[in-house]
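See below for the structure under consideration.
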Amino acid sequence: MLDYSDPIFLTCISITLLGWLIAYVVIIRRSIKDRACGMPLVPLCINLSWEFVFGFMHPDRPPANYTCMVWFVFDLGIVYTYLKYGREEMSPLLPKALFIPAFLLVLATSFAGVLAVTYHFDDWTGSYTGWGDNFLIFCTLIALLFRRGNSRGQSLYIAIPAWIGSLCLVPFEMRISPDSLLLEFFYVGFIVFGAIYIVLLYRTLKAEGKQPWRVW
């Protein structure tokens, strides 16, 4: 079992906490500024569910559970931006009156999914759902960039801190589940697709005539 009091672990989880906090704050800021939510719906709902489960419902050991609690509060701010601006980006195939019910359905499904995987794998540190979500986030951000065709709601100050923050924890997660081929797939997937997203976003910002490091 990983020693959560290990100074190196505490340093790395602090970087993870800070990296994702920076990402969340910039997502909220860019979403309001660009009037477009910077986080796709499905990973947003999985994030919220994961943070609730491992922060409050089945809390991980400190300080991991406190990290989840802090993230959960900031994720509520991102949910606000989705509910405020997401309606305008709905598919024309879905009536706008179903916007809130659709959000609640995705949220309920995400919550049930996080619980199902947790119980099935007896995964009380949230490794499978957490790293699967990390992989999904960067895949869907690439899809969001292609769908919008612009950088609305997005910034390198979202992508890079989140990517580095998660990367810091990979060595420790590998000590918790050293023989999991599925987790190794998630690690490689999020690292590769995160790097691809950062490059694509940088190129998109440059193509729009923006200074990539000034968009925050």
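Laboratory data are not the source of any read-out in this text; all were calculated from the coordinates shown. Being a predicted model, the structure only gives us computed values, none of them experimental. With ideal geometry, Cβ positions are generated from the backbone for all residues, glycine too; neighbour counts draw on all protein chains shown.
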Practice problem: Could you pull out every one of the lysines with an alpha carbon less than 29 Å from that of Lys210, ignoring same-chain neighbours closer than 8 positions? | Solution: Lys33, Lys84
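By count of other Cβ within 10 Å, fewest leading, how are Leu141, Leu200, Leu48 ordered?
Numbers: Leu141 26, Leu200 16, Leu48 20.
If I rank by nearby Cβ atoms, fewest first, I get Leu200, Leu48, Leu141.
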Practice problem: Taking Cβ-Cβ under 4.7 Å as the only way to count a partner, pick out the unpartnered cysteines of the chain. | Solution: Cys37, Cys45, Cys68, Cys139
Quiz item: Normalised by the number of residues in the stretch 7-214, what is the relative contact order in percent for Cα pairs under 8 Å and 6+ residues apart?
Solution: 32 percent
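Would you mind working out the magnitude of the charge dipole of the chain relative to its Cα centre, with +1 at each Lys and Arg C-beta and -1 at each Asp and Glu C-beta, to the nearest 20 Debye? Walk me through the numbers on the way to the answer.
Numbers: 16 positive and 15 negative charges, 276 e Å.
Taking the Cα centre of the chain as origin, the dipole is about 1320 debye.
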Quiz item: How far is it, in nm, from the label point at Leu104 to the one at Ile176 when both lie 7 Å from their Cα along the line to the Cβ?
Solution: 3.3 nm
Practice problem: Using the 2.2 N^0.38 Å rule of thumb for compact globular proteins, work out how the chain stacks up: its C-alpha Rg over that value, please. | Solution: 1.00
Quiz item: Against the longest principal axis of the chain, how steep is helix 181-207, in degrees 0 to 90 to the nearest 10, with axes from Cα atoms?
Solution: 30 degrees
Self-check item: Neighbour-count order for Val170, Val73, fewest beta carbons within 10 angstrom listed first
Solution: Val73, Val170
Practice problem: Considering the options Thr129, Gly113, Tyr157, tell which one lies farthest towards the positive end of the dipole of the stretch 101-216, charges being +1 on Lys and Arg and -1 on Asp and Glu at the Cβ, about the Cα centre. | Solution: Tyr157
Quiz item: Angle, helix 156-167 long axis vs. longest principal axis of the chain, Cα atoms, 0 to 90°, nearest 10?
Solution: 20 degrees
